[in-house]
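J.: This is the structure I have questions about; it appears just below.
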Amino acid sequence: MLRERFDRIEIIDLRGDVRAGARAGAEGDQGVFNIQVGTCITIAIADGSKADGELADIFYRDSWTGMLLSRRSKLDWLQENAANGQVPDAIAVNRPPLDDMRPNPFLNGELISIDECFSFKLSGLQSKRDSFSYDTSRAILADRIGSFLNLGADAARVVFHDTRDRQWTGAQAVPFDDGNINAVGYRPLDNRFLYNHRAYGDFLRPSLQEAWGEENIGFYAMPSGTRAGPALWCHGLLPDYHAFRGSYGGYAFPLYDRRPEENDINLSPLLLEGLNAAYGGDVSAKDIFDAILALLSANSYTTRFAEDLEDVFPHVPFPSDREIFNQAAAIGASIRAVETFARAPDRDYVATRLETPPTGVLGDTNLRDGEIILCADGSGRLTGITEAVWSFSVSGYRILPRWLDAREGQRVDLELVEQIRDIAARIAELIDLFGQADIVLESTLADCLTREALGFGEEETDDDGQD
């Protein structure tokens, strides 16, 4: 009715909805009133400029675009533009009459979904009994499976955790095979071992395992609910179902499809063709992969597209300028190497020092004044951990504290200490790389390739199918 009766509608979205908690990178977002719901200003103008039967033009401006999160910054923004009677850089909303009066997700539908960038995707491995089928130690996992095979019925049922699809009887019928113990990308920067046999896991995704093959790299991302931090993660091992943020599932996008009938690059042929045409040819699949990783890991990406990421997969802004694309690819290659453990972190980021020798098992660790006490007996003082490294998270999943929690109770030897120092250094380097990616993202968003320029038509509907 509004669009039928008015000629122009202007919307200024001041955000500030705190009912569902902080969204994406918009922690600290405040409302302009002392209420929990968000606020927008809607100006509906009837001046007779539209012909009968025509719908009103809609123009939308979002305070988050300028990263205005505090109440003061939003009110100052409005005051600065009060003399002109409008805020600049409004986006025209071209949607059907019963749709939301806000732009389509991701620059009014101009960006390509990561789902469209790949031909194949599938959810990660889901055992439904992680505490039994996974372990940080290969030897401990092997002993656990061996012991389970010798348990009586009552004890076996308790430790196995039967589900509708898998029961202890089926698992005990399978002889132990050390070859079934595989390293898996369990969480960001947390690889673990899985007893990878279908009798032990409810949804081990045979299609994904076949597509992944012996060696691969891939993204892991969520179809909705992506929040602060990088919008995806790169794994060099088969990913677990919760490999992005430790909860709410997700999807794997391998770079290569190793299935015999495919055995090719998994990037969309349409994307490969569109980028080669836009950049004058000679664009490799790995460079595209790395550029996507950089742009979607940039610090401001999840803040800029916070609302859109609530509902759909991350979308990719490809720069119009080939040189900016090359910069993104170079940064992405470094991010990939750090996230997949393809190389050690740069020595400049190794800042932790073991001040006192550990003499016990890993305890409940907390950061205080830049140090953590590793052992429950008070020994093993590790210094040089910054608050930024300790707090670094992926959609709320705090990598270093959760990595340590998973190993609580293990004896702290020099090998474990070096692993902790390595994880802390990787996080520190990633923080820096994400900051570098932010500069490239800003240049990209100033002039990025549209769907039409890349040869894509209307955006496809996300498919959540699994095997």
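The values are calculated or read from the model by the stated rules, or taken from the named source; none is laboratory data. As the structure is a computational prediction, the values presented were derived from the model and not from experiment. Every residue, glycine as well, gets a Cβ built from its backbone with ideal geometry; the counts of neighbours run over all protein chains shown. Surface areas here come from the heavy atoms of the whole protein model, side chains and all, with no ligands, DNA or RNA. Shrake-Rupley method; radii C 1.70, N 1.55, O 1.52, S 1.80 Å.
J.: Spin-label point model (7 Å from Cα, Cβ direction): what's the residue 100 to residue 398 distance in nm?
T.: 3.1 nm
J.: Excluding ligands and nucleic acids, what accessible area in Å² is computed for residue 207 using a 1.4 Å probe, to the nearest 10?
T.: 40 Å²
J.: Simple spin-label model, 7 Å along Cα-to-Cβ: residue 79 to residue 19 in nm?
T.: Between residue 79 and residue 19, the simple spin-label model gives 3.0 nm.
J.: What is the helix-to-structure angle for 138-148, meaning the angle in degrees between its Cα long axis and the longest Cα principal axis of the chain, kept from 0 to 90 and rounded to the nearest 10?
T.: It works out to around 70 degrees.
J.: Here is a follow-up. Leaving out ligands and nucleic acids, and using a 1.4 Å probe, what accessible area per residue does the chain come to in Å²?
T.: 45 Å²
J.: List the lysines whose Cα lies under 28 Å from the Cα of residue 121, skipping any in the same chain that are fewer than 8 positions away.
T.: 286
J.: Now a separate question. So for 375, 40, what's the accessible-area order with a 1.4 Å probe, most first?
T.: Descending accessible area places them as 40, 375.
J.: As a test of reading the structure, rank 197, 161 by solvent-accessible area (1.4 Å probe, protein chains only), most first.
T.: The ordering from most to least exposed comes out as 161, 197.
J.: Keeping the other protein chains in place, figure out the carbon and sulfur percent of the accessible area of segment 117-256, with a 1.4 Å probe.
T.: Answer for segment 117-256 is 50 percent, counting heavy atoms of protein chains only.
J.: Any idea of residue 408's accessible area? Nearest 10 Å², probe 1.4 Å.
T.: Near enough 100 Å² of accessible area.
J.: Using heavy-atom solvent-accessible surface (probe 1.4 Å) with all chains present, what is the largest-first order of 258, 426?
T.: 258, 426
J.: Pick the calculated semi-axes √(5λ) of the Cα gyration tensor in Å for this structure from (i) 35, 28, 22; (ii) 39, 26, 21; (iii) 44, 27, 23?
T.: (iii)
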